[in-house]
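Asks: The structure that follows is given in the form of structure tokens.
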Amino acid sequence: MDFGLVLQTDPPASGVVGLMRRAERNGFRYGWTFDSAVLWQEPFVIYSRILEHTQTLHVGPMVTNPGTRTWEVTASTFATLNEMYGNRTVCGIGRGDSAMRVAGRKPNTLARLGEAIDAIRDLAEGREALIDGQPLRLPWVQGGKLPVWMAAYGPKALALAGQKADGFILQLADPYLTEWMVKAVRDAAAEAGRDPDAVTICVAAPAYVGDDLAHARDQCRWFGGMVGNHVADLVSRYGEHSDMVPEELTAYIKERHGYDYSHHGRAGNPSTDFVPDEIVDRFCLLGPPQAHIEKLQALRDLGVDQFAVYNMHDAKELTIDAYGAEIIPAINR
């Protein structure tokens, strides 16, 4: 199993670079960041520094979207990084939550997302793509490689990930929901004539190593609120009691009342008081190292190829070091 580290690009950017270097030293193979240009610093500028100061780490957004930048700009940026540092980037992409809503825009449609996946990959790898009806190609790209991994929760999005994406990003670590969603993605891949096992499965969630579960829960409760944004979209689309979406995913947002993006992805977010301990425990990895190991083994048995640690709490360095010293070696021994 691969391991990734997910950070927000809070200033100073040197701190983000330092944590990514620390992660690589501890056996992490992927470095991810949020991509929301109003709330945090521009990630692609920082990727260049991360790549310069690491040897093998692969970097990318978790996740970008088709609306913040034009597709040729996104593809050209990835291709430039790959030319400078080798093919060490990966494009995580979704419909867009904070990046779009904070700027007063709606998330992108799935149809537009599907078109963007093909176009960004083709351009970054040197092939021609249609952009708003105009055929374009980046003539300077030679030997570029850009895997595109799609984030999804709902049935139509899961189907699209299986049909088009090189990887699937699931932003929660509940084994029951992981099994359900991985099956949906792989079934869609098979129906599209693709090899379902060729779709990389990445589960991303907060991890907090320590014996004080109450404190760990409070530090990671923000994640249930972030997931709740996407769940609320699903409920509005499919209804509160729909066979299309498991109740295990939707039931907990009944007490949700709005969301303040100024606290997005941060410990102590006041918009996440509705998230119960049960959801934090299900969606995150908390407790002593052995608890993390057991849950990761269960996820690996469900076909998960990578676990990406959301590292937004008061124990960033401790978590990275604990994973490097005890958890990653135990999983990959």
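The values are calculated or read from the model by the stated rules, or taken from the named source; none is laboratory data. Quick caveat, the model's predicted, so the values are computed rather than measured. Here the Cβ positions follow ideal geometry from the backbone for every residue, glycine too, while neighbour counts run over all protein chains shown. Quick note on the areas: whole protein, heavy atoms, side chains included, nothing else; ligands and nucleic acids left out. Shrake-Rupley method; radii C 1.70, N 1.55, O 1.52, S 1.80 Å.
Asks: What ratio of Cα Rg to 2.2 N^0.38 Å holds for segment 1-153? Each step should come with its number before you reach the end.
Replies: Working: Rg = 15.0 Å, N = 153, 2.2 N^0.38 = 14.9 Å.
So the Cα radius of gyration is 1.01 times the expected 2.2 N^0.38 Å.
Asks: Take the solvent-accessible surface of the protein heavy atoms, probe 1.4 Å, and return the percent of it on segment 1-151 that carbon and sulfur atoms account for.
Replies: The nonpolar share, carbon plus sulfur, comes to 51 percent.
Asks: Can you give me the long-range amide H partners of Thr33? Hydrogens built in the peptide plane at 1.01 Å from N, cutoff under 5 Å, separation of 5 or more residues or another chain.
Replies: Correct list: Leu7, Gly60, Met62.
Asks: While we're here: Considering only Gly287, Gln219, Gly143, whose Cα is most displaced toward the positive end of the charge dipole of the chain, charges sitting on Cβ of Lys, Arg (+1) and Asp, Glu (-1)?
Replies: Positive-most Cα among the choices belongs to Gly143.
Asks: For segment 1-38 and segment 154-228, write down the distance between their C-alpha centroids in whole Å.
Replies: Taking the Cα centre of segment 154-228 as reference, the centre of segment 1-38 is 19 Å away.
Asks: Another question, if that's okay. What is the total of Lys pairs in the chain with C-alpha atoms under 21 Å apart, excluding same-chain pairs fewer than 8 positions apart? Don't skip to the end; give the middle numbers.
Replies: Numbers: Lys106/Lys156; Lys145/Lys164; Lys156/Lys164; Lys156/Lys183; Lys164/Lys183; Lys183/Lys295; Lys295/Lys316.
Step by step, the pairs that qualify in the chain add up to 7.
Asks: Okay, next question. Within segment 151-244, report the GluC sites (Glu not before Pro) that DSSP leaves as loop and that have at most 16 other Cβ atoms within 10 Å.
Replies: Details: sites: Glu179, Glu191, Glu240; in loops: Glu240.
Listed in order of number, the matching sites are Glu240.
Asks: Quick one: dipole size for segment 244-333, taken about the Cα centre, charges +1 on Lys/Arg Cβ and -1 on Asp/Glu Cβ, in debye to the nearest 20. Please report the intermediate quantities before stating the final value.
Replies: On the way: 8 positive and 15 negative charges, 40 e Å.
The calculated dipole for segment 244-333 is roughly 200 debye.
Asks: Same structure, new question: Taking all protein chains as present, what is the carbon and sulfur share of the accessible area of segment 229-333, in % to the nearest whole number, probe 1.4 Å?
Replies: On the way: 2240 of 4740 Å².
Roughly 47 percent of what the probe reaches on segment 229-333 is carbon or sulfur.
Asks: Further, regarding this structure: Pull up the DSSP beta bridges for the chain and report the antiparallel fraction as a percent, rounded to 5.
Replies: Working: 3 of 36 bridges.
Percent antiparallel among DSSP bridges in the chain is about 10.
Asks: For segment 95-237, state what percent of all Cα-Cα pairs lands in each successive 10 Å bin, counting from 0 Å until the bin that includes the largest distance.
Replies: All Cα pairs, binned at 10 Å, distribute as 10, 32, 33, 18, 5, 1 percent.
Asks: A further question follows. Where the only charges are on Cβ atoms (+1 Lys, Arg; -1 Asp, Glu), what is the dipole of the chain about its Cα centre, to the nearest 20 debye? Please report the intermediate quantities before stating the final value.
Replies: Working: 32 positive and 43 negative charges, 155 e Å.
Using Cβ point charges on Lys, Arg, Asp and Glu, the chain gives about 740 debye.
Asks: Something else: So if the hydrodynamic radius of segment 237-333 is defined as the Kirkwood radius over C-alpha pairs, what does Stokes-Einstein give as its diffusion coefficient at 10 °C and 1.306 mPa s, in µm² per second? List each step's numbers first, then the result.
Replies: Values: Rh = 15.9 Å.
Translational diffusion coefficient: 100 µm²/s.
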